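The values are calculated or read from the model by the stated rules, or taken from the named source; none is laboratory data. Keep in mind the model is a prediction, meaning the values are calculated, not measured. We place every Cβ from the backbone using ideal geometry, glycine too, and count neighbours over all the protein chains shown.
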Amino acid sequence: MGSRVKPGVVQELARYGGDTVPTCFNCGNCTAVCSLSKDDTTFPRKYIRYMQLGLEDKMTTSLEPWLCYYCGDCSDTCPREAEPGELMMASRRWLTSRYDWTGLSRLMYKSEAFEIFMLVLVAVVVLLLFTLPSNYGFKLLSQHPEALTTVNMEAFAPLHLTHYGDWVVAALLGFLLLSNAARMVFMVMRGSGAPLGAYITEFKEVIIHLLTQKRWSECTSNTAKHWVRHIFLVTGYATMFILVVIFLPWFQRPDANFHWTSLFGYYGTVVLLAVTLWMIADRMGKKDQIHKHSELSDWLFPLLLFLTALTGILMHAFRLLGLPMPTYVMYLIHLMVAVPMLVIEVPFGKWAHLLYRPLAVYLTAVKRHAPARLGAMAPALSRPDH
Amino acid sequence: MSDLNKRYDGMVIGAGIAGMQAALDLAEQGFQVLLVEKDPSIGGVMVGLNKVFPTLDCSSCICTPRMAEAAHHPNITIQTYTEVLNVDRNGPGFNVKLLKKPRYVDEDTCIGCSKCELECPVLVPHEFDYGLGSRRAVYIPHSNAIPQVATLDVEHCTFCGKCAKVCPADCFIYDQQPEEIEIEVGAVIVASGLQITPMGAKAEYNGDKLPNVVNPLGMERIQSSNGPYGTVLRPSDGKIPKKIAYVQCAGSRDKTIGVSYCSRVCCMYALKQALLTTHYIHGVEITIYHMDIRAFGKGYEQFYRRAMDEGIKIVKGKVAKIDETDNQDLIIRVEHLDEGGRVEEARYDMVVLSQGLMPAWKPGSALGIDVGEDGFFESVNPKIKPTLSTMEGVFLAGVSAGPKDIPDSIVEAGAAAMEAANYLQRTTKPKVTA
Amino acid sequence: MSDKKEAGTNGHAKSEGAASIKVLRDRHGGMSAEMKEYYKELNNIRKLLFDALKSGPMTVPELARKCSLKSETTMWHVMAMRRYGEVVEDKIQGDYYSYRLKEAH
C-alpha cells in the first residue's frame, strides 16, 4: 500500500501552531532524548518526517502524538531549535480536528475568532433559556416575589428542569466525544489486522490510563509537578462532573442546609481553583518548555475551568449569605461559562485529550497484537536528502 | 629581553600550520616577518595530531619540517609565548603592542636538555595532551617543540629552586617580568587558529564529567606514538577499548550550543581515527553515529568508502544522551534512522565526541576587524577575496576565518601572504629586489 | 632567535649571578593554598602507588583498588610515572596492561 502525498500539510500544521516543520533536519535527537520513545513507538522525529513529506494517511493513523506528555526535553536539546515538542502539541490539535466529524474542531483551531464565537453562541443560548421561557429563569422568578428576599433556587432554576438540562448537556457532550473517539478508533485501526480478542484483553489500559495518566510519570525531565497537579485537576473535575450530572438533586438543594455532597463540592472547587491558577501562572511565566507556546485553546483550558469554579463558589457564597439576586445572576454566569466549556471545548477542543490519550495507549497496545508486517516503516522516510 | 627590531614588514599572528605557511611565503619574497605565537612552541594544533586524512601521513613528520623552516628562515623572527595586546592603524601600517610572557628561562642560552624538567617535583596535566598526559611545572612542551627551551609554569611552582640548581647552562632568570614590546609592522596576517567546542557544551553528553568521553584532539594524542599512554587505552582505567563510538556533530550544527555551522573536518577526522584504531587494536569495533557524512575534499569520498570497506560501522542517527555504567563503560541513546526509527541504548568502552571548530582568539577591540555571526573573522568578499579582512592591510588565513582542514588552511595562508605582499609593495618601497 | 644579544637586556641575570628563587616566591606570594593542597595530594598518591607497585606488576584497576583511589586518578598518575621513566609496561592481562616499577640502574 503506497502512501499519498498531500502538499500543503506543512502550511496547514502551521495554522495549528506547528510552524517549525521545515526547520527540522531529521537527526533523531528528539526521539533518542525522549524517555517515552521506545520499542515500536518512537517519536517525535518520525512523525515530523510524515509532516514534512505530507503523508497525511500516516499522520492520521499514528497515535504517537498522544503518547507524548510534552516534558520539553526534545525542544530543549533540538540542534535546529525546531521545537519538536510543540510540533507534537500541534499534531494533537490537528488530530483532534481530524477525528471530529462535524468539522467544528477544524474551524475552531484554525480561527480563534470562530472558537470564541462558538463559546459565546452557546453562552447566549444559556442566557436565552433563562430569559425567554415563562417556567424558567427570570420570568419564573418574577412570579415568586418572596424569592427576591430569600434565596429559593426552585423559583429560578427548578431542579427537575435543570437536571434534564444537565442530562441533555451530558448526552450531547458524550455523543460528540464518543462519536469522535469512535472515528479515531476506526481511522487508526482500519487495516491494522489486530485480532478482536486484543481489543478486549487490552481494554484495562483505557481505564488505567484514564485514571492515572501514569505514562506521564515515566518522563525523566521535571514533569512530576505537571503530572501530580494534572491528577488533582482530573479528580476535581470528575468530582464536580459527577456531582452535577448524578447528584444534582442533593448538590443543588432548594435550601442552604448542609449536605455531604457539599464536602465533595468544596474539594472539587479548591482543587480546580488552585490548579488552574497555578497553570495560568506557569503559562504566563513561560518558563517550562511546555508553556512556551500556549495557543488560545491552551489558555481556554485552565481559564474556563477557573471561571467555572470561581463563579460556582461565589454563587454558593452569595447563597449562604442570603443574597438572592446575586445568587441567581452568579448561577446564570456559572452556567454561561460551564455549558459552553462542556459542549464546545470537551468534544472539539483541547479537552478531548482526556479520552484520546488513554485510547491511544490502549490502541497502541492492541496494535502490538497485529501480525508483524515487513517493511511497515519505509526506510525512505528516514532520508531527508534523497 | 626584547631583541626585536623596531619594524617588520609583516606580522603573522599565530604559528600553526597556516601562520607558518603565511610567514614562509611572505619571507620568501624578501619581506621581514615577525611570527607571534601565544604558546611556548610553534606548530599549533597540527603538530599534536597523529596522522592526517586522507593520505595518512604522520602529522608531526610533515609539520616539523615546516616549523624548522620557519625557525631557520633568515627573514623570519619567531616570538613565542607572546600575546598580541593591540594593533593600531598608523598610516598604511600598524603600531603593535605585544606582551612577552615570562618563561623564567633565557631562551638564548637554554640548550633544551630537560634536566630541569626531570628534576621538578610537580606533575601537572599537560595542555599538549589535552590533560590526558602530564608534564612538570617546568617543561619543554614536546620533543618537536621549537624553540627547544624550558618554560616555568609559575602557577604550579613550589619554588623549590631545583631547576636552576641542575641547569647546566645557568639559564634560569627567576626575576623575569612580563614585557610589553612595541613595534611597527606594514601588514598583519591573522592565523590565530582554532579551539574545539567545549566538552561540556552539550550537557546530555557529559563530556566534561565522564573520563571515557574524550575529545577528538585528545584522541589524536592517545593514538600518537609519543602520546600520553604510548598506545590506545581508555582514560578511566587503561583498558584497551574494544568498542568505540564516534558522536558526529557533537559540537557543530547545533543551535543550542551556539555553533550552528558545519565544522567541515569532523567527519573526516572521525573516519581517519576510526580506521587507524582498527590498525592499532585487533578486533576493535567502531561505530560512527552521524547525521550525514560530509566527505567533500579530494580523495575524501574514497577514504570514506575505504573506512566502510574496512569494517567501520556508519549509523545514521544523532546521539542524544551519554551516561556511564558502574564500570565506567558508556551507554549512548540513539535513534537508528535507517532501521525504522528504532531507539537503541548501546554500550561502549569509549566515546569520542566529534567536537567542532571555534575561533581560538577573540581580540575584540585589540584588533578592529569585523567578526561574523559565527565568531570567525569576516572577509570583505568571501567569494572573490577570502583572505581580506574588513581592515585594509589585515589578512586572514586558516581557521581564524572559518573552519577548514589542513590543505585548505595552507592554500589560504599562501593566498593571504600574496595579498599581504601586494599590499606591502603598494604601500611601501620594495625592500629587496634581489 | 636573534644571534646578537645585547648586554644589559637578556644577559644581565647571567653575568651578575642568577636571582634566587626567593625573588620569584616573594613576587608570587608563595604557593597558593590550593596549590599546597594539590602538591600534598600529588605526593600522597605517588607514595601509595610506588608502595603498591613494590609488591609486583599491577593493572590500573588493581592498583586503584589496592590504594583506594579513583581509577582515573590512578591512570593519570601511572601514565605520568610511565612518561618520566618510573614505571614500564609489563604483561597484558586480558584487556589491561600491567605496570611494574622500572629497576634503578
Worksheet item: Do we find that B:Asn95 is away from every other protein chain (no Cβ under 11 Å), touching a helix residue (DSSP H, G or I) at 6+ places or on another chain (Cβ under 7 Å), under 30 Å from B:Lys6 (Cα atoms) and surrounded by fewer than 20 Cβ atoms within 10 Å (Cβ to Cβ) in this structure?
Response: no
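Residues are listed down the side, and each one gets a yes or a no for (1) more than 15 Å from B:Val122 (Cα to Cα); (2) at pLDDT 95 or above; (3) more than 10 Å from chain B (Cβ to nearest Cβ):
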site: C:His12; (1), (2), (3): yes, no, no
site: C:Arg46; (1), (2), (3): no, yes, no
site: C:Ser68; (1), (2), (3): yes, yes, yes
site: C:Tyr84; (1), (2), (3): no, yes, no
Item to complete: Could you tell me which residue of the stretch B:150-163 is nearest to the other protein chains (Cβ to nearest Cβ), considering only residues that are surrounded by 23 or more Cβ atoms within 10 Å (Cβ to Cβ) and aliphatic (A, V, I, L, M)?
Response: B:Leu152
Worksheet item: For the stretch B:159-170, does any single residue satisfy the condition of being under 25 Å from the mean Cα position of the chain (by Cα), outside the structural domain of B:Gly414 (by TED's automatic domain parsing) and in a loop (DSSP other than H, G, I, E, B)?
Response: no
Worksheet item: Inside the stretch B:297-308, can you point out the residues that are more than 29 Å from B:Asn206 (Cβ to Cβ) and either within 14 Å of chain A (Cβ to nearest Cβ) or hydroxyl-bearing (Ser, Thr, Tyr) (or both)?
Response: B:Tyr300
Worksheet item: Within the stretch B:409-418, restricting attention to residues that are touching a residue at least 24 places away in the same chain (Cβ under 8 Å) and surrounded by fewer than 24 Cβ atoms within 10 Å (Cβ to Cβ), which residue is nearest to B:Gly91 (Cα to Cα)?
Response: B:Met418
Practice prompt. Could you look through the stretch C:54-72, keep only residues that are buried (at least 17 other Cβ atoms within 10 Å of the Cβ) and out of contact with any Asp or Glu (no Cβ under 9 Å at 6 or more places or on another chain), and pick out the one that is farthest from B:Val105 (Cα to Cα)?
Written response: C:Glu62
Practice prompt. May I ask you to list the residues in the stretch B:245-286 that are basic (Lys, Arg) and within 14 Å of another protein chain (Cβ to nearest Cβ)?
Written response: B:Arg253, B:Lys255
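Identify, from the list B:Asp237, B:Asp175, the residue that is part of a loop (DSSP other than H, G, I, E, B), over 30 Å from B:Ile286 (Cβ atoms), of a type in the set (D, E, K, R) and facing chain C (nearest Cβ under 9 Å).
B:Asp175
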Discussion item. Would you confirm whether or not the stretch A:3-21 contains a residue that is within 14 Å of chain B (Cβ to nearest Cβ) and either under 26 Å from A:Ala194 (Cα atoms) or assigned to a loop (DSSP other than H, G, I, E, B) (or both)?
Written reply: yes
Response to the item:
Note on the stretch B:102-126: residues within 15 Å of B:Tyr81 (Cα to Cα), surrounded by fewer than 21 Cβ atoms within 10 Å (Cβ to Cβ) and touching a Lys or Arg at 6+ places or on another chain (Cβ under 8 Å) are B:Asp108
Worksheet item: Of the residues in the stretch B:126-161, how many are among the aromatic types (Phe, Trp, Tyr) and closer than 17 Å to C:Lys40 by Cα?
Response: 1
Worksheet item: Looking at this structure, is A:Ala309 in the same structural domain as A:Thr149 (by TED's automatic domain parsing), farther than 17 Å from A:Pro158 by Cα and surrounded by 21 or more Cβ atoms within 10 Å (Cβ to Cβ)?
Response: yes
Discussion item. What's the number of the only condition in (1) modelled with pLDDT of 95 or more; (2) surrounded by fewer than 18 Cβ atoms within 10 Å (Cβ to Cβ) that B:Leu271 fails to meet?
Written reply: (2)
Worksheet item: Which residues, taken from the stretch A:249-275, are touching a residue at least 60 places away in the same chain (Cβ under 8 Å) and surrounded by fewer than 19 Cβ atoms within 10 Å (Cβ to Cβ)?
Response: A:Pro249, A:Arg253, A:Pro254, A:Ala256
Worksheet item: Among the residues of the stretch B:395-405, is any touching a residue at least 40 places away in the same chain (Cβ under 8 Å) and more than 19 Å from the chain's Cα centre (by Cα)?
Response: yes
Worksheet, complete the sentence: Residue count, the stretch B:327-349, condition hydrophobic (A, V, I, L, M, F, W, C), under 20 Å from B:Gly207 (Cβ atoms) and within 14 Å of chain A (Cβ to nearest Cβ), comes to 4
Worksheet item: Restricting to the stretch A:22-47, what's the tally of residues that are outside any loop (DSSP other than H, G, I, E, B) and within 21 Å of A:Thr223 (Cβ to Cβ)?
Response: 9
Worksheet, complete the sentence: Across the stretch A:117-137, the tally of residues that are surrounded by 15 or more Cβ atoms within 10 Å (Cβ to Cβ) and over 30 Å from A:Ser105 (Cβ atoms) stands at 2
Worksheet entry | Residues that are surrounded by fewer than 21 Cβ atoms within 10 Å (Cβ to Cβ), over 20 Å from the mean Cα position of the chain (by Cα) and closer than 22 Å to B:Ile314 by Cβ, drawn from the stretch B:205-231 | none
Worksheet item: Looking at (1) in contact with a Cys (Cβ under 8 Å, 6 or more places away or on another chain); (2) within 14 Å of chain B (Cβ to nearest Cβ); (3) surrounded by 19 or more Cβ atoms within 10 Å (Cβ to Cβ), which is the only condition A:Tyr69 fails?
Response: (2)
Item to complete: Working carefully through the options A:Leu332, A:Leu233, A:Leu323, find the one that is outside the structural domain of A:Cys78 (by TED's automatic domain parsing), aliphatic (A, V, I, L, M) and surrounded by fewer than 19 Cβ atoms within 10 Å (Cβ to Cβ).
Response: A:Leu323
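Condition first: more than 9 Å from chain A (Cβ to nearest Cβ), farther than 27 Å from B:Phe53 by Cβ and among the polar types (S, T, N, Q). Can you find one or more residues in the stretch B:309-326 that meet it?
Yes, that holds for at least one residue.
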